[in-house]
Structure formats: C-alpha cells, structure tokens
Amino acid sequence: MLHRSAPLYLSLVTAIAGCAGGSSDRAFASSASYGSSGGAGGSAASAPMSGSYGGESSGGAMADSVASTPTSRPAMDMPSPVRASAPVAPGTMAVRRAEASPVAVGATAGGSAGMVAPTSVTVTTTTSVTTNVAPVIVEQQQTTAGLLTAATVGDHDRRNPYLEYLGRHSGERSMLRLDMSRRVRFRVLDGQGQPVNDASISVVGSGAQVAGRSHADGIWDFYPNLYGAQVGGTMSVHVRSSAGEAQASVNVPFGGDGQDVMVRLNGSSAGAPRVLDLGFAIDVTGSMGDELHYIHAELSNIVQRIQASVPGTTVRVGATFYRDRTDPVVVQQIPFTTNIPGFVSMMGTVSASGGGDYPEDMNAGLEAAMRRLQWSEGNAVRVLVVVADAPPQHYNDTQFTYREAMFDAASRGIRLLPVAASGADRSVEYLFRAMGASSGAPYVYLTDESGVGNPHMEADTDRVAVERFNGLLTRLVISDLRGQGMHEMIRDAQ
C-alpha cells in the first residue's frame, strides 16, 4: 500500500472518447422517450405530482440506458404511500414523521461495483507520468433506475426550524466551525421583475470583502459568521450583471438575521439558463459500494428526464471520486462532458474500495471538484452533488477544506447539493445541511424504503416526504433551470 501526504489524481478522460460511437448512441436510442411534464404548457405522461415545490411532475417509469437484470439482493416491497391532501404520484414514496432519536449505524465494507479497470491510465500529480495498473475484475451487478429512495430538508426555506436545529447541535457547530446563525438574503431582479442569474454581488465592510453570485432564482444567501464573527454593521454592496449595476449600503446585524435585500436592476436579464453543469463528488471507499452502483444506474435516467422537460438545455456532466490518503489512488475524475453515455460507461469502471477508518479525505475530493473541473461561466446552472457517508478526515497540512468549498461555491454560483448515504452520522448531517443552506439547496439523505445499503439515519427534522432519488434529483434541477430554486417536497398527511 502506498502512503503519501498529498492526493494522487487519476484522470479518466482518455477513455470517454472511445465511448462516443455507435454503442453509446444505441444505448440512448433504446431508452424510452419522455415528454415534458409539469410547468405551463407541459403535459405529463401520468397524473402530475401535487406538492408545494416548483419543479417537474414525476411521470411513469422510464427505461434506463444501463442494461438491467434482477439483482442478487432480495426484492423489497415498497411501502404504500400514506393518504395525503393530494393524489400521490409514482415519484413520491411515502410521507412520515422523522424519528426523534438518531439511528446507530456504522460504516461497513460493501460490495464493489464496476467493470474491468483500464490497463493504462494517466496519473497526474505535480507532473504527468504514466503507470500501468493491473486489470481488476469486480462483480458486475446490474440494476434499473428508480430503486433508491431519499428525502429532503429545505433549511434555506424553513429558517426558524433550522435555527432550532442549530441550537440542538452546538457540539457539531463547534467541531466543524460552521456557524449558520446569521443570514442576509439578497434577491436580484431585472427591470421586468424577473430573477437575474449569475449576478456578481460584492459585500465589503468590517475588514472583510465577501464575494457572492446569484443563482437562477436571483437569490444569494450571505452567512456572515462563516467569514468571521466580526463581520457586520454597515456594509457596502455592489451588484453587477448583464442587466445593469447597483450599489447600496446594508445593515448586517451582529446577532440574528438581517432584513432581506432586494436589488432591482434597470436592464433585462439574459433569460432562463440553457446550460447545466451537473457535477458529482462521491466518496468511493468500501462502505459506499452498494449506493455507488445504484447511483450509477440512475444517471442516464436523470439526464434524459431533464433534457425532455427543459428542451434546448445543454447538459454537461462530470465527476470526482475520492477515498483517503492511505489508499493507492485518492482522487479520480471524469471531466465535464456532454457525452452522457461515455460518462456513464466510464463511471462504471470506478469501484468502491479502501478507506478503513470512518472519516475520509472529503476535502481532497471537494478541492478537485471545485478547482479542477472546468465549470461553465455566465448564465448557467451549476450544481455539485456531494454523496458521502463519512465526515472529512482532518489533516494538519490541508489547505482547502469544506469551508473553502463553500466560499468558492458562493463566489461562483455553484449549488452544493449534499446527499447523505447509509452510515452517515450527525456530524455529516450538520456539515451537509450547512453546505446546502449556504448555496440555497436542500439537504438530501437516502432512506431505508429502497432496501439498498445499510440502515440510514433519519434527519433531525419534524417532517419527511420520501421520494425516489432519481425523481427527486430531477425535479430539483428542473426547478432550478426554470428559475424557481430548489426546495424540499412538502406534503401534508391527513
């Protein structure tokens, strides 16, 4: 086993081009077509889902481009949806109350998923070298999309419940150095009252200069305590976009939230974004084996549904896979590409292995995802889906941590969409909820309804609406592309 003090980066880009030929095209051709659903003028393939969120209605089943056969895992009957105030569509599994106490779980070694590893790869550290890797044969499990289940907690929308949650978890707040107890919300509109995406927002004062960028719903949430307890008082704000510029002074209280700040620019915005960067940062240590394989099976389905529901959108997908420093390869990446079949094929070569102890080098994964992936600039929706079951490992020489990832996301308009897998503990939940809230995204966690993976910890929240993961991620992204933001599913049980 090779030990090192710095991450080793393994690029998977060279094999994507080989997946762009006829076989990949046939994979897409074999997938069922899926018409636009939800929204004005759309028609769904089945009854639209009703709920207080802005996004896609989940329709009927859709064929996935990944070949599917029954898995070796015994099939589990999904629980029947409970009675609700509106008809329950296939995308929603159940509505239930969250458990009051955490579920004691542990990270255990799971099965590896994937394909035969390439015999020659390019390894990039400070210089580029070539090394040969012996072929690794792993068990091929094949699944269909729509098996994983998940739920959301929208802390950016439900501010008072989130403040109560923060009060119950002061230990995690101190350990992670993430104080989310102060917020000032900026909303940028154009001359017609439409949200402005990708507006640069600079907040200066108290010896600090904070950079933010609005999302497609025109919103950027500023959390002063992330930048220091001394940040507050009268601060100057400068907003700039293609719709114009504006300057103002705002009061940032030293205790509690400030008033929402609405900035109206004179010009017209560039309109709805037509580019989606959908990035993934995934823990691929041994305990993530089951869920990594199932997430892989969901991806083609998710992208197809996004493209069908928001026609004309260019979808770019990329991924970062990380382990820990004690593993031979710490970080692997697939650069952003529009070749979805090629991306899915390359992701199939990544297997879950290594780790050992509970924390992993999440910080190395976040740095690679934020700094090495080539994110689009301008009027685009940028989303980094972070999937993990363990907190970040602390290394004294780490220069880039989850805090820097949150700062980067704020300044570049990247939503951090966290997904907690089986084995996640309260520290993972706290970190992920802070990451989501800081970028206007809900906290997502996988649930036990699917029967996939080890037991999943319930979120510390007062309500839970369970959805299929592929439908959940699809509706969040579509809602964002339509300028409606990302919100949790809310359905009131009778």
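The values are calculated or read from the model by the stated rules, or taken from the named source; none is laboratory data. Predicted, not measured: the structure shown is a model, and the values here were computed from it. Note: ideal-geometry Cβ built from the backbone for every residue, glycine included; neighbour counts use all protein chains shown.
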Restricted to the range 372-395 and to residues being in contact with a Ser or Thr (Cβ under 8 Å, 6 or more places away or on another chain) and outside any loop (DSSP other than H, G, I, E, B), the residue nearest to D327 (Cα to Cα) is P392
Exception for F336 within (1) assigned to a loop (DSSP other than H, G, I, E, B); (2) over 30 Å from Q209 (Cα atoms) falls at (1)
Can you name the residue in the range 225-253 that is closer than 19 Å to V263 by Cα and among the hydrophobic types (A, V, I, L, M, F, W, C) and is also surrounded by the fewest Cβ atoms within 10 Å (Cβ to Cβ) among such residues? A248
So Q484 passes all but one of these: (1) farther than 25 Å from D290 by Cα; (2) assigned to a helix (DSSP H, G or I); (3) polar (S, T, N, Q). Which condition number does it fail? (2)
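Filter the range 209-221 for residues that are touching a residue at least 24 places away in the same chain (Cβ under 8 Å) and assigned to a strand (DSSP E or B); which is farthest from G413 (Cα to Cα)? Talk me through it step by step, then tell me what you get.
Step one: filter the range 209-221 for residues touching a residue at least 24 places away in the same chain (Cβ under 8 Å), giving 210-221.
With the extra rule that they be assigned to a strand (DSSP E or B), the set shrinks to 210-213, 219-221.
Working: V210: 13, A211: 10, G212: 7, R213: 5, I219: 10, W220: 8, D221: 11 Å.
For the range 209-221, the residue satisfying everything is V210.
Tell me which strands (runs of 3 or more DSSP E) are completely within the range 226-286 and hold 2 or more residues being among the charged types (D, E, K, R) and assigned by TED's automatic domain parsing to the domain that holds D327, or say none if there are none. Spell out the reasoning first.
Working: elements: 233-241, 244-252, 261-264, 275-283.
Passing ranges, in order: 275-283.
Among the residues of the range 427-438, is any over 18 Å from the mean Cα position of the chain (by Cα), of a type in the set (G, A, S) and over 24 Å from N197 (Cβ atoms)?
Here is the first cut: in the range 427-438, the residues over 18 Å from the mean Cα position of the chain (by Cα) are none.
Looking through the range 427-438, none of the residues is over 18 Å from the mean Cα position of the chain (by Cα), of a type in the set (G, A, S) and over 24 Å from N197 (Cβ atoms).
Kindly indicate whether E404 is surrounded by fewer than 23 Cβ atoms within 10 Å (Cβ to Cβ) and at pLDDT 95 or above. Talk me through it step by step, then tell me what you get.
Numbers: surrounded by fewer than 23 Cβ atoms within 10 Å (Cβ to Cβ): yes; at pLDDT 95 or above: yes.
It is true that E404 is surrounded by fewer than 23 Cβ atoms within 10 Å (Cβ to Cβ) and at pLDDT 95 or above.
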Yes/no for S411 being in the same structural domain as E360 (by TED's automatic domain parsing) and more than 16 Å from the chain's Cα centre (by Cα): yes
